[in-house]
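Enquirer: Dumping the structure here so I can ask a few things about it.
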Amino acid sequence: MTQTLPGHRTPPRRRLGYGAAAVVFAIGMAGTTLPTPLYGLYRAELGFSELTVTLVFATYAVGVILTLLLLGNHSDRVGRRPVLLCALLCGAASAVCFLLEGGLPMLYAGRVLSGFSAGLLSGAGTVTVRELAAPGQRSRAAFAATAANMGGLGCGPLLAGFLAEYAPAPLTLPFVAHLVLLALACAVVLALPETVERPRLRSRPVPQGLYVPPQVRAVFAPAGVAAFAGFSLLGLFTAVAPSFLAQTLGERNLAVGGLVVFAVFLASTAGQALTGRFPGGSALPLGCLVLVAGLVLVGTSLAVTSLPLLVIGGICGGLGQGLAFRAGLTAVGDAAPAAHRAATVSSFFVVAYAGLSVPVIGVGALAVTVGLRDAGLVFTGCVTVVAAATALWLYRRGRTPRAGSDRPHT
């Protein structure tokens with residue numbers, strides 16, 4: 001029997017289930033990519049370089065990683081609901097920073113707070129969705145968690161792009177709209193059942209850095225590398241694709257920029273939906289191969305400056321990223337012991353978000369000297385090698401390693 005927080009009325013266990021938790025997860029994650037199609041407006045207003053764009057974006061990923069390292073296991077102690085509420089409040093504070101924007105310091109502050117929100121949501125949100133599902137719903141709940149993550153990330157640029165292009169106050173209205181959604185999400189969290197037995201509300205955070213139980217490491221290694229490569233592609237589209245569309249292809253419609261990024265994340269969600277159709281551990285290596293194909297197409301689109309090819313490559317890469325991401329996250333979550341599940345899942349997201357930030361900073365630095373297109377070509381070449389090597393490693397062993405496997409691992 002689960003318990004709720006002291007002072008709250010105990011709701012029926014299934015009155016609000018994993019679907020409601022997934023909606024909260026998606027709303028929170030949407031705020032983290034809301035500024036994506038707006039960076040061009042900020043550049044025109046504040047006058048900064050492409051490197052600064054990627055640094056502002058990467059500040060978000062740094063916030064995510066720090067939160068996961070310092071608080072990744074905190075919901076295992078204090079409960080899921082307090083952590084989810086804290087994540088939503090960080091998202092609201094981020095939106096306020098953008099609304100009060102008066103220069104780069106506020107942009108950096110907003111992105112750091114957004115990173116804190118995503119870091120708290122990534123571990124606690126994923127685990128909450130899974131734990132609110134009945135035994136027969138676990139497969140659907142695993143998809144709901146990863147779809148809420150990717151779907152939310154995709155909806156942010158879509159919402160901001162259309163509001164900025166077709167509604168007044170392009171740097172204000174998107175964040176006001178998200179604040180309203182966050183208020184609704186907070187109300188839902190208060191009605192969710194608590195899934196942690198005997199939560200210790202006064203428990204102090206116990207930072208433990210990256211923690212992967214020994215019995216999970218054989219699963220974690222290939223899944224983590226695949227997540228790194230897949231999130232690198234997502235980082236490219238989230239941070240740099242709108243600039244490439246405007247500067248190289250002459251496409252300055254903010255709605256189009258948001259739609260292109262949304263298409264990549266939608267493809268990721270579709271890939272996650274298809275993961276269960278593949279037997280055994282084949283989804284992870286197959287996802288890596290599809291990701292490689294997408295990266296090759298993206299690189300080709302940069303070389304020939306083709307918008308259709310860029311979109312096709314992004315969709316193909318997103319599909320492969322979704323296949324590999326859900327397969328890896330499900331394997332890691334299933335293999336982790338219950339007492340350390342949030343910490344293990346958070347460690348998985350640390351690796352993924354390192355892929356989201358580190359390569360993108362490299363693209364921004366290279367763009368200053370060799371130009372955005374050539375920097376993108378170097379990026380796609382490097383990530384293609386990582387994804388292809390992971391697929392080869394998995395296929396040589398015939399399947400995704402299982403927890404407790406005695407196969408060698410990296």
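The values are calculated or read from the model by the stated rules, or taken from the named source; none is laboratory data. On a predicted model such as this, the values are computed, not experimentally measured, just so you know. Neighbour counts are summed over all protein chains in view; Cβ atoms, including those assigned to glycine, are modelled from backbone coordinates with ideal geometry.
Enquirer: In this structure, does A388 turn out to be part of a helix (DSSP H, G or I) and in contact with a Cys (Cβ under 6 Å, 6 or more places away or on another chain)?
Expert: Here the answer is no, as A388 does not meet what is asked.
Enquirer: Assess whether A246 counts as being of a type in the set (A, V, I, L, M) and either crowded, with 24+ Cβ neighbours inside 10 Å or at pLDDT 85 or above (or both).
Expert: Answer is no for this residue.
Enquirer: With the structure loaded, tell me whether A21 is buried (at least 19 other Cβ atoms within 10 Å of the Cβ), in contact with a helix residue (DSSP H, G or I) (Cβ under 8 Å, 6 or more places away or on another chain) and either part of a helix (DSSP H, G or I) or hydroxyl-bearing (S, T, Y) (or both) or whether it fails that test.
Expert: Taking the combined requirement at face value, the residue satisfies it.
Enquirer: For S282, are the conditions met, namely being under 17 Å from the mean Cα position of the chain (by Cα) and touching a residue at least 24 places away in the same chain (Cβ under 8 Å)?
Expert: For S282, the condition - under 17 Å from the mean Cα position of the chain (by Cα) and touching a residue at least 24 places away in the same chain (Cβ under 8 Å) - is not met.
Enquirer: Among the candidates P308, P359, which residue alone is assigned to a helix (DSSP H, G or I) and without any contact (Cβ under 8 Å) to a residue 12 or more places away in the chain?
Expert: None of the others qualify; the one that does is P308.
Enquirer: Turning to a different aspect of this structure: May I ask you to say which residue of L394, L366 is touching a residue at least 60 places away in the same chain (Cβ under 8 Å) and over 22 Å from the mean Cα position of the chain (by Cα)?
Expert: Only one candidate qualifies: L394.
Enquirer: Here's another thing I want to ask about it. Could you pull out every one of the helices (runs of 4 or more DSSP H) wholly within region 39-85 that has 3 or more residues that are within 18 Å of the chain's Cα centre (by Cα)?
Expert: Filter on region 39-85 gives 50-71.
Enquirer: Tell me the residue from L319, L309 that is of a type outside the set (V, I, T) and surrounded by fewer than 22 Cβ atoms within 10 Å (Cβ to Cβ), please.
Expert: L309
Enquirer: I would also like to ask the following. Select, from G136, G115, the only residue that is within 25 Å of A336 (Cβ to Cβ), modelled with pLDDT of 90 or more and not β-branched (V, I, T).
Expert: G115
Enquirer: Would you be able to tell me the number of residues in region 37-50 that are under 25 Å from A263 (Cα atoms) and among the aliphatic types (A, V, I, L, M)?
Expert: Total satisfying the criteria: 2.
Enquirer: Output the residues belonging to region 124-150 that are within 17 Å of V196 (Cβ to Cβ), outside any helix (DSSP H, G or I) and among the small types (G, A, S).
Expert: A133
Enquirer: Output the residues belonging to region 42-61 that are among the aliphatic types (A, V, I, L, M) and at pLDDT 85 or above.
Expert: Matches in region 42-61: L55, V56.
Rundown of residues vs (1) part of a helix (DSSP H, G or I); (2) within 30 Å of L71 (Cα to Cα), yes/no style:
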residue: Y211; (1), (2): no, yes
residue: V216; (1), (2): yes, yes
residue: A221; (1), (2): yes, yes
residue: F228; (1), (2): yes, yes
residue: F231; (1), (2): yes, yes
residue: G235; (1), (2): yes, yes
residue: R252; (1), (2): no, no
residue: L259; (1), (2): yes, no
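Enquirer: What pairs come out if I take residues in region 27-47 that are farther than 19 Å from G235 by Cα and pair them with residues that are of a type in the set (S, T, N, Q) and assigned to a helix (DSSP H, G or I) whose C-beta lies under 9 Å away, six or more apart or interchain?
Expert: Pairs found: L46/T52.
Enquirer: Report whether or not V96 is modelled with pLDDT under 85, within 28 Å of A169 (Cβ to Cβ) and assigned to a helix (DSSP H, G or I).
Expert: no
Enquirer: Let me ask something else. Looking only at region 185-212, which residues are more than 25 Å from A134 (Cα to Cα) and either modelled with pLDDT of 80 or more or of a type in the set (S, T, Y) (or both)?
Expert: Scanning region 185-212 gives S203, Y211, V212.
Enquirer: Could you please tell me which pairs satisfy a Cβ distance under 7 Å, a separation of 6+ or placement on different chains, a first residue in region 122-139 that is loosely packed, with under 15 Cβ neighbours inside 10 Å, and a second residue that is outside any helix (DSSP H, G or I)?
Expert: Hits for this filter: S139/G276.
Enquirer: Check region 157-171 and report whether any residue there is part of a helix (DSSP H, G or I) and within 15 Å of the chain's Cα centre (by Cα).
Expert: yes
Enquirer: Residues of region 86-110 being crowded, with 18+ Cβ neighbours inside 10 Å and under 21 Å from A148 (Cβ atoms), which ones?
Expert: If the condition is that a residue be crowded, with 18+ Cβ neighbours inside 10 Å and under 21 Å from A148 (Cβ atoms), then C86, A87, L88, C90, G91, A92, S94, A95 are the ones that fit.
Enquirer: Another one. If I filter region 242-257 for residues that are within 20 Å of the chain's Cα centre (by Cα) and among the hydrophobic types (A, V, I, L, M, F, W, C), do I get at least one hit?
Expert: No; the residues of region 242-257 include none that is within 20 Å of the chain's Cα centre (by Cα) and among the hydrophobic types (A, V, I, L, M, F, W, C).
Enquirer: If I ask for residues that are at pLDDT 80 or above and of a type in the set (G, A, S), which ones from region 326-356 would you list?
Expert: A327, G328, A331, G333, A335, A336, S347, A352, A354, G355
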